[in-house]
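The values are calculated or read from the model by the stated rules, or taken from the named source; none is laboratory data. The structure presented is a predicted model; accordingly, all values stated were derived computationally and were not measured. Please note: Cβ atoms are built from the backbone with ideal geometry, for glycine as well, and neighbour counts cover all protein chains shown. Only protein heavy atoms, including side chains, enter the accessible area calculation; ligands, DNA and RNA are left aside. Shrake-Rupley method; radii C 1.70, N 1.55, O 1.52, S 1.80 Å.
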Amino acid sequence: MNENLFAPFISPTIMGITTLPIIIMFPCMMLSTPKRWLPNRMQTLQIWLIRLVTKQMMMMHNKKGRTWTLMLMSLILFIASTNLLGLLPYSFTPTTQLSMNIGMAIPLWAGTVIMGFRNKPKMSLAHFLPQGTPTPLIPMLIIIETISLFIQPLALAVRLTANITAGHLLIHLIGSATLALSSISMTVSTITFSILFLLTILELAVAMIQAYVFTLLVSLYLHDNS
């Protein structure tokens, strides 16, 4: 029995050694590689989805921005697969760890910012001071824009962590309520189970949407700096 609601979010260990790297690598093994001339249905679906997302996400970028295509597609596949992995019974969701999400967000955000200052420094510096700002407000606006810039990776990580964690907590709470009500009233338990089933379907959609949102925001940061 779990000690508290947040016990499932503790990184699992075997003999005191964390198994998080193995869990992170597991979804990569599920993506099959083509070994014949004609792909099967699963590979065809994967190729179609990757092409669709790539077209929607990269069409607004120039040639320099499109060099990030492989990285962004790998990112969305990784986040989506780890989110879906956490919906399996007796599994662990790496994206519920804020430290891991910050570890993904900061390097990607820093790469886009450094790219912007390297390729077009004047335009990047111009973002700190909107045109037509009154002179007395210049120092305050520069401080506000600087803080907003450094908050971007934290907002990326917190958004992903909060959405995935909230969904898992709701599933845990409603699942516990369904089990407890089964010995009291089967009618109420059945209704609660129906809500749990619908919530699980919603979480499947949230797992995919959050992966897309995270990658799309990184793509927008890249577009602003490329």
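Number of residues in region 175-212 that are crowded, with 16+ Cβ neighbours inside 10 Å and either in contact with a Gly (Cβ under 7 Å, 6 or more places away or on another chain) or free of Cβ contacts under 8 Å to residues at least 24 places away in the same chain (or both) equals 9. Within this structure, ILE164 fails the test of being surrounded by fewer than 16 Cβ atoms within 10 Å (Cβ to Cβ), assigned to a helix (DSSP H, G or I) and either of a type in the set (A, V, I, L, M) or more than 14 Å from the chain's Cα centre (by Cα) (or both). For region 56-98, filtered to residues that are assigned to a helix (DSSP H, G or I) and among the hydroxyl-bearing types (Ser, Thr, Tyr), the residue that is surrounded by the fewest Cβ atoms within 10 Å (Cβ to Cβ) is SER74. Against the numbered list (1) farther than 30 Å from SER74 by Cα; (2) in contact (Cβ under 8 Å) with a residue 60 or more places away in the chain, LEU169 comes up short only at (1).
So in region 103-148, with the set limited to residues that are among the polar types (S, T, N, Q) and closer than 19 Å to TRP68 by Cβ, which one is most open to solvent (accessible area, probe 1.4 Å)?
Of the residues in region 103-148, the ones among the polar types (S, T, N, Q) are 112, 119, 124, 131, 133, 135, 146, 148.
Within this subset, residues satisfying the condition of being closer than 19 Å to TRP68 by Cβ are 112, 119, 124.
Working: THR112: 1, ASN119: 65, SER124: 6 Å².
Selected residue: ASN119.
So which of GLY175, GLY116, GLY103 is within 30 Å of PHE197 (Cα to Cα) and either polar (S, T, N, Q) or not in a loop (DSSP other than H, G, I, E, B) (or both)? Break it down into steps so the answer makes sense when it comes.
Working: GLY116 fails: within 30 Å of PHE197 (Cα to Cα); GLY103 fails: within 30 Å of PHE197 (Cα to Cα).
Matching residue, one of GLY175, GLY116, GLY103: GLY175.
Which condition from (1) open to solvent by 80 Å² or more (accessible area, probe 1.4 Å); (2) more than 30 Å from MET208 (Cβ to Cβ) is the one that ILE151 breaks? Result: ILE151 fails condition (2) only.
Among the residues of region 178-193, those identified as assigned to a helix (DSSP H, G or I) and of a type in the set (A, V, I, L, M) are LEU179, ALA180, LEU181, MET186, VAL188, ILE191. Look at (1) at pLDDT 85 or above; (2) surrounded by 15 or more Cβ atoms within 10 Å (Cβ to Cβ); (3) in contact with a Pro (Cβ under 9 Å, 6 or more places away or on another chain) and you find that HIS172 fails only one, number (1). Contact annotation: residue pairs with Cβ atoms under 8 Å, 6 or more positions apart or on different chains, pairing a residue in region 41-69 that is in contact (Cβ under 8 Å) with a residue 60 or more places away in the chain and among the aromatic types (Phe, Trp, Tyr) with a partner that is surrounded by 11 or more Cβ atoms within 10 Å (Cβ to Cβ) and in a helix (DSSP H, G or I), are TRP68/SER219; TRP68/LEU222.
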